[in-house]
Amino acid sequence: MSFTFNDLKQDNQAPWRAYIEHDFVCQLGDGTLEPRAFRHYLKQDYLFLIQFGRAFALAAYKSPTLADLRHAKAGLDAIIDLELGLHIDYCKQWDISEQDLAELPEARATLAYTRYVLDTGNRGDLLDMHVALAPCLVGYAEVARWLISKPSTVRGDNNPYEAWLAMYESAEFQAAAQAEVAWLNERLAEVSPTRFKQLSRIFNDATRLEIDFWDMGLNQQM
């Protein structure tokens, strides 16, 4: 039996839908999210991305082949050079300076998910780590596509969160997510049913932690 990334999603339909279609996401799409909630999320997402950059650096260290090393580097570049750079610029539009970001404490939801990914990568293999990372990189790309497909999504100047949506629907980010799916599909095709169940549990954990991160932003929790 050959597995794919779609099988991971199908095996975890309820948490995956709860993540992709979270109230935080819906309110971003229709422009009704409270600005204070979004600012809180933006600050914590900066810290989140720093730790995910470290995770892709760990993935590079654990890469057994040149192809895997190049893939890890591409993921690191997508976070550090694309997403994090855009994030810092976007924060400035919300009157959050880079110095403000550097001095932030991490919320518990930020600590929980990022350290889970790093722990999974340290104690497992490269595939374990990429499955733990997938809800972030692949999930945000799917969130953007889902919002674009919704009739209630407001685009342009009428939505204060248009720049956020535009970043994740961008060709560069979508291509990075598709490259991750392709890498996962190639590796998942070779795993046994028992191994797939182990990976599905990691995917489930990571997806639920992503839900907690949306909750953190929506409820402005620390």
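Scan the range 119-129 and tell me whether some residue there is surrounded by 13 or more Cβ atoms within 10 Å (Cβ to Cβ), among the β-branched types (Val, Ile, Thr), at negative phi and in contact (Cβ under 8 Å) with a residue 60 or more places away in the chain. Checking the range 119-129: at least one residue is surrounded by 13 or more Cβ atoms within 10 Å (Cβ to Cβ), among the β-branched types (Val, Ile, Thr), at negative phi and in contact (Cβ under 8 Å) with a residue 60 or more places away in the chain. Please indicate, with yes or no, whether at least one residue in the range 84-101 is within 14 Å of the chain's Cα centre (by Cα) and either surrounded by fewer than 20 Cβ atoms within 10 Å (Cβ to Cβ) or more than 17 Å from residue 205 (Cα to Cα) (or both). Yes, some residue in the range 84-101 is within 14 Å of the chain's Cα centre (by Cα) and either surrounded by fewer than 20 Cβ atoms within 10 Å (Cβ to Cβ) or more than 17 Å from residue 205 (Cα to Cα) (or both).
Condition (residue is out of contact with any strand residue (DSSP E or B) (no Cβ under 9 Å at 6 or more places or on another chain), of a type in the set (A, V, I, L, M) and crowded, with 17+ Cβ neighbours inside 10 Å) applied to the range 163-170: is it met by at least one residue? Yes, the range 163-170 contains at least one residue that is out of contact with any strand residue (DSSP E or B) (no Cβ under 9 Å at 6 or more places or on another chain), of a type in the set (A, V, I, L, M) and crowded, with 17+ Cβ neighbours inside 10 Å. Residue-level check: of (1) of a type outside the set (Gly, Ala, Ser); (2) part of a helix (DSSP H, G or I); (3) more than 19 Å from residue 6 (Cβ to Cβ); (4) touching a residue at least 40 places away in the same chain (Cβ under 8 Å), residue 202 misses just (3).
Looking across 47, 69, one residue alone is surrounded by fewer than 16 Cβ atoms within 10 Å (Cβ to Cβ), assigned to a helix (DSSP H, G or I) and at pLDDT 85 or above. It is 69.
When the range 182-197 is limited to residues that are in contact (Cβ under 8 Å) with a residue 40 or more places away in the chain and in a helix (DSSP H, G or I), the one that is nearest to residue 129 (Cα to Cα) turns out to be 184. Every test in (1) in a helix (DSSP H, G or I); (2) under 23 Å from residue 34 (Cβ atoms); (3) of a type outside the set (Val, Ile, Thr); (4) touching a residue at least 60 places away in the same chain (Cβ under 8 Å) is passed by residue 105 save one, and that test is (1). Selection of first residues in the range 65-89 that are touching a residue at least 40 places away in the same chain (Cβ under 8 Å) and farther than 25 Å from residue 185 by Cβ and of second residues that are surrounded by 15 or more Cβ atoms within 10 Å (Cβ to Cβ) and of a type in the set (Asp, Glu), restricted to Cβ pairs under 7 Å at least 6 apart or on distinct chains, gives the following pairs, ordered by first then second residue: 87/45.
Kindly evaluate residue 98 against the criterion of being within 12 Å of residue 48 (Cα to Cα) and either out of contact with any Lys or Arg (no Cβ under 6 Å at 6 or more places or on another chain) or modelled with pLDDT of 80 or more (or both). No; evaluated as a whole, the condition is false for this residue.
Please verify whether the range 143-158 includes one or more residues that are crowded, with 16+ Cβ neighbours inside 10 Å and modelled with pLDDT under 90. Full working, then the answer.
Step one: filter the range 143-158 for residues crowded, with 16+ Cβ neighbours inside 10 Å, giving 143-144, 146-147, 153-154.
Checking the rest, the ones that are also modelled with pLDDT under 90 come to none.
Within the range 143-158, none of the residues are crowded, with 16+ Cβ neighbours inside 10 Å and modelled with pLDDT under 90.
The values are calculated or read from the model by the stated rules, or taken from the named source; none is laboratory data. Predicted model only: the values in this text are computed from it and were never measured. Because the Cβ atoms are built from the backbone with ideal geometry, glycine has one as well, and the counts that use them run over all protein chains shown.
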